[in-house]
Each structure stands twice: as C-alpha cells, then as structure tokens.
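Chemist: So that we are looking at the same thing, I have put the structure below in structure tokens.
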Amino acid sequence: MEKSTTTGGCLCGDVKYEIDGSISPIWLCHCSKCRRRTGSAFHASAVCSPDLFRWVSGEDSIQEYEDTPGYKVRFCPRCGSPVPSYLEQFGLVFLHVGALDGDPGRQIDHHIFVGSKAPWFAITDGHPQYHEHKPRQG
Ligand SMILES: [Zn+2]
Ligand SMILES: [Zn+2]
C-alpha cells in the first residue's frame, strides 16, 4: 500500500502534527457536546493508530479540559482549535478531520448521535445514521 502523509494543525499554526499512513473512515457526530465545542452542526471525527501519529510542533503548549471523567478535550491555548488526543481505552488517536490539510484519502462513512442533532440542520446524504453510537459489530 502506498504510504501517504497527512498533515494537520491549529488555526494559529502553533500546533502541528503529521500522520504517516491512513486514517479511519470519517464519521460525523451530531451530539450536543460536539456542537457546543465546534460551534457547528456536527464534528467530523476519525481515528488513527498512534504508531502513525507524530507531533511536529506545539505539543507542550496544549491545554486540556476534562469534559467527562476519562474524556479530555484538548485544544491550542492561543487560538482555541481542537487538537488530537489519545484515547487510552481504545489505543487510538482521535482526530479532528476539519483540521487536516488537503485530502486525507477518506470520505464520510456514517453519522452518529443523530438523535440529538441540531433542529436547524438537515442530513441530506445517504450515509447510515445512528441514533447514538454506532453499534459494535461482532
Ligand atoms: Zn493555535
Ligand atoms: Zn459528539
């Protein structure tokens, strides 16, 4: 498989990172927390293996907010942009797809927490929609 590098970073440019390889398919989360922290209708999420992920700059400046026990929201203290975080329980790096540069080589796969989506936003694509989390397979 061809190896591609995806880069990403925050709005002010202090925090930068790279992913050497592919990220997971993208899902859109419509939950009220994602809407609040992005100020938008949904959050575009994906994950990657920690082996592929590398901080380029700004890692030391990152601040975090513990939203619910064990779940930290991390952000750049200068511009407030969300930055990747390590999900200990899954052993994966959580990515904010809107903060990646260029084409990460993946498309939207599904929607989650559609049960709490914004009343002013209509989902018009044909991707699967889940009321809350996507049910686990197997
Ligand atoms: Zn920043
Ligand atoms: Zn969410």
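Chemist: For the subset of segment 41-74 comprising residues that are within 20 Å of residue 101 (Cα to Cα) and polar (S, T, N, Q), which member is nearest to ligand 1 (Cβ to nearest atom)? Full working, then the answer.
Modeler: We begin by selecting, within segment 41-74, every residue within 20 Å of residue 101 (Cα to Cα); these are 42-59, 62, 74.
Going one step further and asking which of them are polar (S, T, N, Q), we end up with 45, 49, 57.
Values: 45: 19, 49: 25, 57: 10 Å.
Among those that are within 20 Å of residue 101 (Cα to Cα) and polar (S, T, N, Q), it is 57.
Chemist: Within segment 75-86, which residues are within 14 Å of ligand 1 (Cβ to nearest atom) and surrounded by fewer than 17 Cβ atoms within 10 Å (Cβ to Cβ)?
Modeler: 77, 78, 79, 80
Chemist: So for segment 50-72 (the condition being of a type outside the set (Gly, Ala, Ser), in contact with a Phe, Trp or Tyr (Cβ under 6 Å, 6 or more places away or on another chain) and surrounded by 15 or more Cβ atoms within 10 Å (Cβ to Cβ)), does at least one residue qualify?
Modeler: Within segment 50-72, not a single residue is of a type outside the set (Gly, Ala, Ser), in contact with a Phe, Trp or Tyr (Cβ under 6 Å, 6 or more places away or on another chain) and surrounded by 15 or more Cβ atoms within 10 Å (Cβ to Cβ).
Chemist: Let me spell it out: the conditions are (1) touching a residue at least 60 places away in the same chain (Cβ under 8 Å); (2) under 20 Å from residue 8 (Cβ atoms), and residue 32 meets all of them except one. Which number is the exception?
Modeler: Of everything listed in (1) touching a residue at least 60 places away in the same chain (Cβ under 8 Å); (2) under 20 Å from residue 8 (Cβ atoms), residue 32 misses just condition (2).
Quick grid of which residues meet (1) at negative phi; (2) in contact with a helix residue (DSSP H, G or I) (Cβ under 9 Å, 6 or more places away or on another chain); (3) more than 14 Å from ligand 2 (Cβ to nearest atom); (4) among the charged types (D, E, K, R):
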site: 17; (1), (2), (3), (4): yes, yes, yes, no
site: 22; (1), (2), (3), (4): yes, yes, yes, no
site: 43; (1), (2), (3), (4): yes, yes, no, no
site: 57; (1), (2), (3), (4): yes, no, yes, no
site: 73; (1), (2), (3), (4): yes, yes, no, no
site: 80; (1), (2), (3), (4): no, no, yes, no
site: 86; (1), (2), (3), (4): yes, yes, yes, no
site: 94; (1), (2), (3), (4): yes, no, no, no
site: 110; (1), (2), (3), (4): yes, no, no, no
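Chemist: If you don't mind, another one. Restricting attention to segment 1-33, which residues are at pLDDT 95 or above, within 23 Å of residue 112 (Cα to Cα) and surrounded by 15 or more Cβ atoms within 10 Å (Cβ to Cβ)?
Modeler: 23, 24, 26, 27, 28, 29, 30, 31
The values are calculated or read from the model by the stated rules, or taken from the named source; none is laboratory data. Not measured: the values here are computed from a predicted model. We place every Cβ from the backbone using ideal geometry, glycine too, and count neighbours over all the protein chains shown.
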